[in-house]
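All remarks here apply to the structure that follows.
The values are calculated or read from the model by the stated rules, or taken from the named source; none is laboratory data. Just so we're clear, the structure is a prediction, and the values are computed from it rather than from any experiment. Cβ atoms come from the backbone with ideal geometry, glycine included; neighbour counts cover every protein chain shown. Surface areas here come from the heavy atoms of the whole protein model, side chains and all, with no ligands, DNA or RNA. Shrake-Rupley method; radii C 1.70, N 1.55, O 1.52, S 1.80 Å.
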Amino acid sequence: MSILVLAEHNNASLNAATLAVVAAAKAAGDDIHVLVAGSGCGAVAEEAAQVESVSKVLVSDDPAYAHQLAENISTLVAEVGKGYSHILAAATTTGKNVMPRVAALLDVDQISDIVGVDSADTFRRPIYAGNAIATVQSSAPVKVITVRGTAFDNVAATGGTAAVEQVAAAGDAETSAFIGEEMAESDRPELTAAGIVVSGGRGMGNGENFEILYSLADKLGAAVGASRAAVDAGFVPNDMQVGQTGKIVAPELYVAVGISGAIQHLAGMKESKIIVAINKDEEAPIFQVADYGLVADLFEAVPELTGKV
Amino acid sequence: MKVLVAVKRVIDYNVKVRVKADNTDVDLTNVKMAINPFCEIAVEEAVRLKEQGVASEIVVVSMGPKECQEQIRTALALGADRGIQVQTDEKLDSLAVAKLLKAVYEQEKPDLIILGKQAIDSDNNQTGQMLAALAGLPQGTFASEVKVEEGKANVTREVDGGLQTVALNLPAVVTTDLRLNEPRYASLPNIMKAKRKPLDVKTPEDLGVTITSTISLLKVEPPAERQAGIKVGSVDELVEKLKNEAKVI
Ligand SMILES: Cc1cc2nc3c(=O)[nH]c(=O)nc-3n(C[C@H](O)[C@H](O)[C@H](O)COP(=O)(O)OP(=O)(O)OC[C@H]3O[C@@H](n4cnc5c(N)ncnc54)[C@H](O)[C@@H]3O)c2cc1C
Ligand SMILES: Nc1ncnc2c1ncn2[C@@H]1O[C@H](COP(=O)(O)O)[C@@H](O)[C@H]1O
């Protein structure tokens with residue numbers, strides 16, 4: 001049987017998160033189809049057709065899918081997906097919003113945020129803020145799964161030559177409507193895809209002080225993240241939160257500045273290859289996971305570091 | 001307007017859980033339990049809607065063994081009006097909880113159902129979405145703001161790129177994110193008063209739901225431990241290590 005991957009996109013281009021989902025799909029089976037549901041999303045379908053290992057792209061182009069409203073997308077995915085062995089999507093806010101609905105419509109449990117595929121029916125996933133890894137087996141006729149992108153290496157975005165087929169839309173539930181959005185604009189790399197991440201916590205003191213982190217990040221070509229405390233205090237917007245209930249990152253280098261290292265924060269970054277912590281409290285738990293710890297006042301250490309890298 | 005709030009009993013968020021030596025599960029013996037933090041935010045939101053005169057009654061529901069009555073009492077002390085415990089000792093996956101909640105929804109007919117976005121034990125982030133699908137309702141997940149007016153709920157959602165606002169026809173399902181509100185503490189008089197608030201006990205059979213699961217837990221292991229690192233004495237040493245040892249810059 002084949003595997004269906006739900007593409008993540010903005011109607012203009014394919015989000016790289018989908019490439020990690022295809023990688024997870026390859027570990028579970030070999031005939032991989034991608035569903036692109038959107039509005040005016042033809043370019044996304046063309047892009048998806050070039051992704052390595054994809055044999056077919058299904059496109060449903062309809063105004064009801066313009067904003068990925070879960071009420072509308074889920075009925076389409078359940079309809080299209082019921083003949084497949086697996087339906088996979090990225091564990092992004094879009095995937096998390098849609099996939100449990102798909103699972104419920106198909107009357108199967110959903111497996112969230114997998115980090116490993118042991119076989120076609122057995123998967124590994126973190127539980128309890130990553131303090132334990134569960135291995136679970138699914139007997140569901142269709143396995144509905146979200147995939148943690150940082151745990152799989154993206155497949156190549158090009159090289160594939162899949163056929164593109166149109167599928168009929170499944171209608172508009174007309175129970176919800178898109179009103180608007182405020183998207184963060186940034187020239188820095190995207191947090192979950194960046195090779196280097198510099199994150200600030202409550203120790204930054206206020207939003208203006210984040211400028212010293214932005215300077216360091218720009219010198220390093222890094223993305224900027226934050227702890228929950230920094231977001232709650234209004235220093236930075238919510239989309240910068242790293243952790244159990246925020247974004248999961250696993251860059252080559254993670255620099256935690258003025259962050260104590262609560263388990264909920266560690267859950268979002270402890271798979272990073274190299275961790276650096278800068279904190280004035282030598283007892284801070286972040287030092288237990290840091291490869292290189294610097295006990296120092298961040299307001300002196302960070303500008304000095306920016307000057308020297 | 002009636003609001004239904006679902007609360008889950010989970011390990012306290014401050015506790016670092018350990019895996020059992022036989023790798024069958026995590027060890028919860030003598031571990032401090034509490035109301036799931038996102039559910040506390042859900043209760044607080046319902047109480048604020050009542051204080052604003054938008055909600056008239058708040059019903060709080062929890063599924064699980066008898067002990068989850070403690071978390072229902074906590075919610076009652078925070079301002080909910082009455083509680084329902086669905087008594088079961090079986091392991092509940094999110095779909096089973098969603099089916100039980102759908103049955104409660106059909107009996108209670110609330111206009112708004114508020115859940116946490118995720119339980120901090122399973123980290124599933126599924127139940128609200130599943131309930132919405134089963135009941136054919138719209139959903140506003142990961143909410144950081146909820147405004148109810150003219151038969152609609154306007155929900156601002158925390159999404160990966162920033163914030164998104166959707167309008168939902170009522171009845172609707174909302175799941176809470178961290179910035180929705182800051183929950184209050186229950187006062188001693190309210191804790192006492194909560195003891196006298198009504199708490200009904202029902203069984204899955206009463207609700208006509210059979211608990212099933214398509215998932216079996218094969219094993220639970222501790223995560224890979226990180227190698228202990230070192231402390232560097234200066235920014236110069238840090239830069240040297242990052243360049244020559246780790247080779248990441
Ligand atoms: C349900 C739930 C979900 C959560 N989800 C998340 C999540 O996803 N992500 C997350 O991050 N947290 C999350 N948390 C919160 C988490 O428990 C911690 O409260 C939070 O991570 C603390 O942030 P912090 O380290 O910035 O702040 P603090 O713990 O206050 O630490 C600040 C640190 O800055 C240091 N410092 C202060 N001034 C300086 C200075 N001048 N120079 C150097 N160091 C300085 C201090 O020594 C201290 O170690 C969650 C909590 C709950 C209950
Ligand atoms: N056993 C339960 N009883 C009541 N509510 C629950 C239960 N399990 C999950 N929920 C609700 O569903 C939310 C999300 O849980 P989950 O989808 O399991 O991560 C929780 O915050 C609760 O509001």
#### Entry: All positions within segment A:249-262 that are open to solvent by 30 Å² or more (accessible area, probe 1.4 Å) and over 19 Å from residue B:41 (Cβ atoms)
A:250, A:252, A:260
### Query
Looking only at segment A:58-89, which residues are in a loop (DSSP other than H, G, I, E, B) and within 22 Å of the chain's Cα centre (by Cα)?
A:66, A:67, A:68, A:69
### Query
Under the condition of being touching a residue at least 24 places away in the same chain (Cβ under 8 Å) and more than 8 Å from every other protein chain (Cβ to nearest Cβ), which residue from segment A:103-118 is nearest to residue A:173 (Cα to Cα)?
A:106
### Task
Could you tell me whether residue A:287 is at pLDDT 95 or above, farther than 27 Å from residue B:163 by Cβ and not aliphatic (A, V, I, L, M)?
yes
### Query
Does segment B:54-72 contain at least one residue that is under 23 Å from residue A:99 (Cβ atoms) and open to solvent by 10 Å² or more (accessible area, probe 1.4 Å)?
yes
#### Entry: Residues within segment A:228-264 that are more than 16 Å from residue A:151 (Cα to Cα), away from ligand 2 (no atom under 16 Å from the Cβ) and touching a residue at least 60 places away in the same chain (Cβ under 8 Å), tallied
2
### Message
Quick check on segment B:114-123. Is at least one of its residues out of contact with any Ser or Thr (no Cβ under 6 Å at 6 or more places or on another chain), more than 14 Å from every other protein chain (Cβ to nearest Cβ) and within 21 Å of residue A:105 (Cα to Cα)?
### Response
yes
### Query
Residues in segment A:197-211: is at least one at pLDDT 95 or above, crowded, with 19+ Cβ neighbours inside 10 Å, more than 9 Å from ligand 1 (Cβ to nearest atom) and assigned to a helix (DSSP H, G or I)?
yes
#### Entry: So residue B:143, is it under 22 Å from residue A:109 (Cα atoms), surrounded by 24 or more Cβ atoms within 10 Å (Cβ to Cβ) and among the small types (Gly, Ala, Ser)
no
### Task
State yes or no: is residue B:226 without any contact (Cβ under 8 Å) to a residue 40 or more places away in the chain and either in contact with a Gly (Cβ under 6 Å, 6 or more places away or on another chain) or basic (Lys, Arg) (or both)?
yes
#### Entry: Test for residue A:217: is it over 17 Å from residue B:236 (Cα atoms), modelled with pLDDT of 95 or more and within 10 Å of chain B (Cβ to nearest Cβ)
no
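Condition (residue is free of Cβ contacts under 8 Å to residues at least 24 places away in the same chain, open to solvent by 30 Å² or more (accessible area, probe 1.4 Å), outside any strand (DSSP E or B) and closer than 19 Å to residue A:163 by Cβ) applied to segment A:38-54: is it met by at least one residue?
Yes, some residue in segment A:38-54 is free of Cβ contacts under 8 Å to residues at least 24 places away in the same chain, open to solvent by 30 Å² or more (accessible area, probe 1.4 Å), outside any strand (DSSP E or B) and closer than 19 Å to residue A:163 by Cβ.
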### Query
Of A:192, A:94, A:146, which residue is of a type in the set (S, T, N, Q), open to solvent by less than 10 Å² (accessible area, probe 1.4 Å) and within 22 Å of residue A:245 (Cα to Cα)?
A:146
### Query
What are the pairs, 6+ residues apart or on separate chains, where a residue within segment B:40-60 that is charged (D, E, K, R) has its Cβ under 6 Å from a residue that is part of a helix (DSSP H, G or I) and open to solvent by 10 Å² or more (accessible area, probe 1.4 Å)?
B:45/B:180
## Note on the structure
Within segment A:162-189, the residues that are at pLDDT below 95 and within 11 Å of chain B (Cβ to nearest Cβ) are A:183, A:184, A:185, A:186
### Message
Quick test for you: out of B:85, B:107, B:129, B:118, pick the one residue that is surrounded by fewer than 19 Cβ atoms within 10 Å (Cβ to Cβ) and not small (Gly, Ala, Ser).
### Response
B:107
### Query
Tally time: how many residues in segment A:221-253 are more than 9 Å from every other protein chain (Cβ to nearest Cβ), among the β-branched types (Val, Ile, Thr) and farther than 20 Å from residue A:152 by Cα?
2
